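What follows is calculated from the coordinates using simple rules that are stated; it is not laboratory data. Computed from a prediction, not measured in an experiment: that's the story for all the values here. Note that we place each Cβ from the backbone using ideal geometry, even for glycine, and neighbour counts take in every protein chain shown.
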Amino acid sequence: MTICQIQYASPEYDASLRLRYKILREPLQLDYEVNQIEAEWDSFHFGIYDDDSNLVGCLTLESKSEGVIKMRQVVIDEPAQKAGLGTALVLATEQWCADHQYKKIVLHARDLAVPFYQKLNYKIEGEPFTEVSIIHFKMYKDL
């Protein structure tokens, strides 16, 4: 397993878009719009690769304000789920955030993902809300 940063507009980034589409968007019959992809140029992208160098998971971090960063689009490919890869990816990027002077991570978790984030000490803030037709919770973790 290898975790590394992915450069925007690279072949690795394109692979992460395909994985994100497959897991997060295709089941909801949502496609990416060009402006959504273009808006990620200044985000930080990370991937987790298996021993054969296949991308099995990824996430995106978006700087929000001084010391605050938003974790988005966290995915692990279905065959690789439940193997601890999501935990490894999130923990590695939390360390990256701390190393880069971020003090707080925020995210919008789908209702089914809330227990995953709670195990990693993320806390719910506020009431549930609907985003892309799914119930979400705003969550955060102080680093």
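Only one residue in Asp14, Asp52, Asp77 is acidic (Asp, Glu) and buried (at least 16 other Cβ atoms within 10 Å of the Cβ), so which one is that?
Values: Asp14 fails: buried (at least 16 other Cβ atoms within 10 Å of the Cβ); Asp52 fails: buried (at least 16 other Cβ atoms within 10 Å of the Cβ).
Unique residue meeting the criteria: Asp77.
Return the residue satisfying two criteria in turn: it lies in the range 113-143 and is without any contact (Cβ under 8 Å) to a residue 24 or more places away in the chain and assigned to a loop (DSSP other than H, G, I, E, B), and of such residues it is nearest to the chain's Cα centre (by Cα).
Restricting to residues being without any contact (Cβ under 8 Å) to a residue 24 or more places away in the chain and assigned to a loop (DSSP other than H, G, I, E, B), the top hit is Tyr122.
So in the range 14-31, with the set limited to residues that are without any contact (Cβ under 8 Å) to a residue 60 or more places away in the chain and either touching a Pro at 6+ places or on another chain (Cβ under 7 Å) or not in a helix (DSSP H, G or I) (or both), which one is farthest from Thr60 (Cα to Cα)?
Gln29
Do we find that Leu61 is in contact (Cβ under 8 Å) with a residue 24 or more places away in the chain and more than 10 Å from the chain's Cα centre (by Cα) in this structure?
On the way: in contact (Cβ under 8 Å) with a residue 24 or more places away in the chain: yes; more than 10 Å from the chain's Cα centre (by Cα): no.
In short, no.
Please tell me if Ile23 is surrounded by 15 or more Cβ atoms within 10 Å (Cβ to Cβ) and in contact with a helix residue (DSSP H, G or I) (Cβ under 6 Å, 6 or more places away or on another chain). Explain how you work it out, then say what you get.
Working: surrounded by 15 or more Cβ atoms within 10 Å (Cβ to Cβ): yes; in contact with a helix residue (DSSP H, G or I) (Cβ under 6 Å, 6 or more places away or on another chain): no.
For Ile23, the condition - surrounded by 15 or more Cβ atoms within 10 Å (Cβ to Cβ) and in contact with a helix residue (DSSP H, G or I) (Cβ under 6 Å, 6 or more places away or on another chain) - is not met.
So Ala109 passes all but one of these: (1) closer than 14 Å to Leu28 by Cβ; (2) in contact with a helix residue (DSSP H, G or I) (Cβ under 8 Å, 6 or more places away or on another chain). Which condition number does it fail?
(1)
Kindly indicate which of Gln7, Gln81, Gln101, Gln36 is under 20 Å from Lys119 (Cβ atoms) and either touching a strand residue (DSSP E or B) at 6+ places or on another chain (Cβ under 7 Å) or not aromatic (Phe, Trp, Tyr) (or both).
Selected residue: Gln81, the only one of Gln7, Gln81, Gln101, Gln36 that is under 20 Å from Lys119 (Cβ atoms) and either touching a strand residue (DSSP E or B) at 6+ places or on another chain (Cβ under 7 Å) or not aromatic (Phe, Trp, Tyr) (or both).
Any idea which of Lys103, Lys64 is surrounded by fewer than 16 Cβ atoms within 10 Å (Cβ to Cβ), in contact with a Gly (Cβ under 7 Å, 6 or more places away or on another chain) and not β-branched (Val, Ile, Thr)?
Going through Lys103, Lys64 in turn, just one is surrounded by fewer than 16 Cβ atoms within 10 Å (Cβ to Cβ), in contact with a Gly (Cβ under 7 Å, 6 or more places away or on another chain) and not β-branched (Val, Ile, Thr): Lys103.
Could you check, for the range 29-43, whether at least one of its residues is within 13 Å of the chain's Cα centre (by Cα) and either of a type in the set (A, V, I, L, M) or surrounded by 12 or more Cβ atoms within 10 Å (Cβ to Cβ) (or both)?
Filtering the range 29-43 for residues within 13 Å of the chain's Cα centre (by Cα) gives 40, 43.
Filter once more, so that each one left must be either of a type in the set (A, V, I, L, M) or surrounded by 12 or more Cβ atoms within 10 Å (Cβ to Cβ) (or both): 40, 43.
Checked the range 29-43: at least one residue is within 13 Å of the chain's Cα centre (by Cα) and either of a type in the set (A, V, I, L, M) or surrounded by 12 or more Cβ atoms within 10 Å (Cβ to Cβ) (or both).
Restricting attention to the range 72-112, which residues are over 18 Å from Leu17 (Cα atoms), of a type in the set (D, E, K, R) and touching a residue at least 12 places away in the same chain (Cβ under 8 Å)?
Hits for the range 72-112 are Glu94, Lys103, Lys104, Arg110, Asp111.
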